[in-house]
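Following: one structure in structure tokens, then a few remarks.
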Amino acid sequence: MTKTPIDIKRDSGGFVNIGTLEDGAVRKMVEIDGLLYIIKERAIYAVQHADQIDPERTNIALPNIIPRPNLSEGSDSELVGKTLLTAVTMFNIRKFLPNEFDHAKALSLSFDVLKTMIAMRAGATEFKTAQQKAYARAMSASSGGSPHMPAMGDATTPCRAFMQQAYHAQGSLLAIVELFYKGITKQQKKEKNGPWDKLGEQMKDSYGENDPFTNFLAKAVPFLKGVLNIRDCLVHRDVNRVNVKHFAPQPDGQISAPTITVDFRGTRLPATPIAEFMDGVFNCMMTTFEKIIVHLCSKHYEPPAPFPIYIDMPAENRKFWKHVRFYYGSCWNGEFIPMG
């Protein structure tokens, strides 16, 4: 059949510039949810083909390739490295995991964690900025005479929004766990936070209490359950279990920053400055995600015989990405060599 002009254009090759020079070099391309993502050093772009937008081929003026900015950070970002790029490395490289493992879903969930954690970090930054401005306004007002207390409005709402995002991130991580262990989330309603407890118990039963994954979960599960508990207190406004305090004068004349205190379902948090609390939850969630997916893959990967492929941490000069610490690879001349 003779091709129409639009068919010739759509079926032909070409080139496209992705982003700007300030974004750095392209470090990885990966398909997620039907879109091609171009991961540059300082940005991530989503790329669509014209046929995805105009499958009936009705508009010849539509460019063959249409990139759009997706995230303003890329492979140089610690967060991108410990979430999306670690997931790409563990889930998508040469299909070392069992055939039935849903690689595409795992990558989609990991990308969701990255975007959710970017929102968490933005919320924490906004809170710290508002707190600093409140201090500055109070100092300015106090310079003319009597001291003024800082004020920044409601401190509970930012905490609630932040913990909603943290709750969503742990939910996506739990969905990844479910890809490895079917039914892990099927608990009786009376078993509050059962899935994380069940995962820890299952790893202990399967691999022993001295297994690295079992040991890590012993520390990670209380944190993940704490995310659930603190979120529940804030969302349901349980003032008997969570206490968010505004700026408060101290006996020594100093002014304490807004704090949060929690005592609920075994989760106990002494009065902690909210800004420090947010930073702690963010950093702990980032590392917990990274280590859980690495441990999951280490328990399920199927190395191709006869090569002794395993997961390990290469030397700094062997890394493909600055903030990705774990890779599949093999030992060569006494050194772990990662696979690209």
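The values are calculated or read from the model by the stated rules, or taken from the named source; none is laboratory data. This one's a predicted model, so the numbers in the text were calculated from it and none came from an experiment. Cβ atoms come from the backbone with ideal geometry, glycine included; neighbour counts cover every protein chain shown.
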Pair list, Cβ < 8 Å and 6+ apart or interchain, from the range 304-331 residues that are under 17 Å from Phe96 (Cα atoms) to residues that are part of a loop (DSSP other than H, G, I, E, B) and β-branched (Val, Ile, Thr)
Tyr328/Ile93; Tyr328/Ile309; Gly329/Ile309; Ser330/Ile309
Identify the single condition in (1) under 28 Å from Glu100 (Cβ atoms); (2) touching a residue at least 24 places away in the same chain (Cβ under 8 Å) that Met278 does not satisfy, given that it satisfies every other one.
(1)
Are any of the residues in the range 103-125 of a type in the set (Lys, Arg) and either assigned to a loop (DSSP other than H, G, I, E, B) or not assigned by TED's automatic domain parsing to the domain that holds Pro195 (or both)?
no
Which is assigned by TED's automatic domain parsing to the domain that holds Leu62, in contact (Cβ under 8 Å) with a residue 40 or more places away in the chain, aliphatic (A, V, I, L, M) and touching a strand residue (DSSP E or B) at 6+ places or on another chain (Cβ under 9 Å), of Ile32, Ile38?
Ile32
Given Pro314, Pro304, Pro270, which one is surrounded by fewer than 20 Cβ atoms within 10 Å (Cβ to Cβ) and either in contact with a Leu (Cβ under 7 Å, 6 or more places away or on another chain) or under 24 Å from Asp76 (Cα atoms) (or both)?
Pro314
Condition first: surrounded by 14 or more Cβ atoms within 10 Å (Cβ to Cβ) and not charged (D, E, K, R). Now tell me which residues in the range 133-149 satisfy that.
Ala134, Tyr135, Ala138, Ala141, His148
Which one is farthest from Tyr181 (Cα to Cα) among residues in the range 96-128 that are in contact (Cβ under 8 Å) with a residue 24 or more places away in the chain and hydroxyl-bearing (Ser, Thr, Tyr)?
Thr116
Scan the range 59-99 residue by residue and report those that are of a type in the set (Asp, Glu) and closer than 13 Å to Phe289 by Cβ.
Glu78
